[in-house]
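Heads up: the structure comes next, in structure tokens.
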Amino acid sequence: MWQTPPVHFLFQTYEMSHAAISVNIAITPASVVLGAPCSITLSATLSHSSPITIYTWPTVFNLALAQVRKNFWCIDLSNNDEPVRLEFEKGGKRSGWISRVLGGKHDQFFVTLEPGKAVDITAPFTLTTRLNKLLVAGHRYRFGFREGECVGNWMHGTREEVMLPTGDKTPMGRGGPKIVLDTGPPIEFEVF
């Protein structure tokens, strides 16, 4: 016969470990040529007991947007550590509604991180091809994450578990508090 559990059991809280994400930057090739294609890669590793799926649109992981917003900093080491102004626009506008529909308009911004497995996100490094010529040939630069970069929207589970079928409009919940990224050291590169 079923018995009511003791009162201390009913009110006991189970503390789940807070998800942590470490992330590092790489630029390929390490020496860049103005006007030539170059790639930036973020390598993210999750420290948590189970997979999570992050929504990357407003984060550093949306590299197309992050490179023109205030997600990174850059200084010219050959010019007395002069800051390079990266942000020239606010970036695209997005409605406040986040669609979790598989194959929907926000599908590309959902990325699953598995515990202990690095996930690489790569995009063109736009500083080398910008029309406003921010970089100077012959100079050396240091490039890194702005302090406090975080992921605000995330859920427990893989993409397959958190994405919805067409027509389902269940709002996206949060898996927990914002995850402040454990960012690796800045990188240095030379421009030719």
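The values are calculated or read from the model by the stated rules, or taken from the named source; none is laboratory data. Quick caveat: nothing in here was measured; it's all calculated off a predicted structure. With ideal geometry, Cβ positions are generated from the backbone for all residues, glycine too; neighbour counts draw on all protein chains shown.
Of all residues in the range 102-150, which are of a type in the set (Asp, Glu) and not in a strand (DSSP E or B)? Let's see the steps before the verdict.
First, pick out the residues of the range 102-150 that are of a type in the set (Asp, Glu): 107, 114, 120, 147, 149.
Hits for the range 102-150 are Asp107, Glu114, Glu147, Glu149.
Output the qualifying pairs, or none if there are none: Cβ atoms under 6 angstrom, residues six or more apart or on different chains, first residue in the range 47-68 and more than 20 Å from Pro115 (Cα to Cα), second residue of a type in the set (S, T, N, Q) and surrounded by fewer than 17 Cβ atoms within 10 Å (Cβ to Cβ).
Gln67/Thr126
Determine, yes or no, whether Leu113 is crowded, with 17+ Cβ neighbours inside 10 Å and in contact (Cβ under 8 Å) with a residue 60 or more places away in the chain. It would help to see each step written out before you state the result.
Numbers: crowded, with 17+ Cβ neighbours inside 10 Å: yes; in contact (Cβ under 8 Å) with a residue 60 or more places away in the chain: yes.
Yes.
Looking at (1) at pLDDT 90 or above; (2) closer than 16 Å to Ile54 by Cα, which is the only condition Trp97 fails?
(1)
Cβ contacts < 9 Å: first residue in a loop (DSSP other than H, G, I, E, B), restricted to the range 151-164; second residue of a type in the set (Phe, Trp, Tyr), any location; separation 6+ or different chain. Result?
Sorted first by the residue in the range 151-164, then by its partner, the pairs are Gly152/Tyr55; Asn153/Tyr55; Asn153/Trp57; Met163/Phe110.
Could you list, in sequence order, all residues of the range 19-43 that are within 23 Å of Tyr141 (Cβ to Cβ) and of a type in the set (A, V, I, L, M, F, W, C)?
Listed by number, the residues that qualify are Val23, Ile25, Ala26, Ile27, Ala30, Val32, Val33, Leu34, Ala36, Cys38, Ile40, Leu42.
Asp120 passes all but one of (1) surrounded by 15 or more Cβ atoms within 10 Å (Cβ to Cβ); (2) touching a residue at least 60 places away in the same chain (Cβ under 8 Å); which number fails?
Asp120 satisfies all of (1) surrounded by 15 or more Cβ atoms within 10 Å (Cβ to Cβ); (2) touching a residue at least 60 places away in the same chain (Cβ under 8 Å) except (1).
Answer yes or no as to whether Thr122 is within 24 Å of Ser43 (Cβ to Cβ) and of a type in the set (S, T, N, Q).
Values: within 24 Å of Ser43 (Cβ to Cβ): yes; of a type in the set (S, T, N, Q): yes.
Yes: the conditions hold for Thr122.
Any idea how many residues of the range 165-192 are assigned to a loop (DSSP other than H, G, I, E, B) and not small (Gly, Ala, Ser)?
Taking the range 165-192 and keeping what is assigned to a loop (DSSP other than H, G, I, E, B), we get 165-178, 181, 184-186, 192.
Restricting the remaining residues to those that are not small (Gly, Ala, Ser) gives 165-166, 168-172, 174, 177-178, 181, 185-186, 192.
So the answer is 14.
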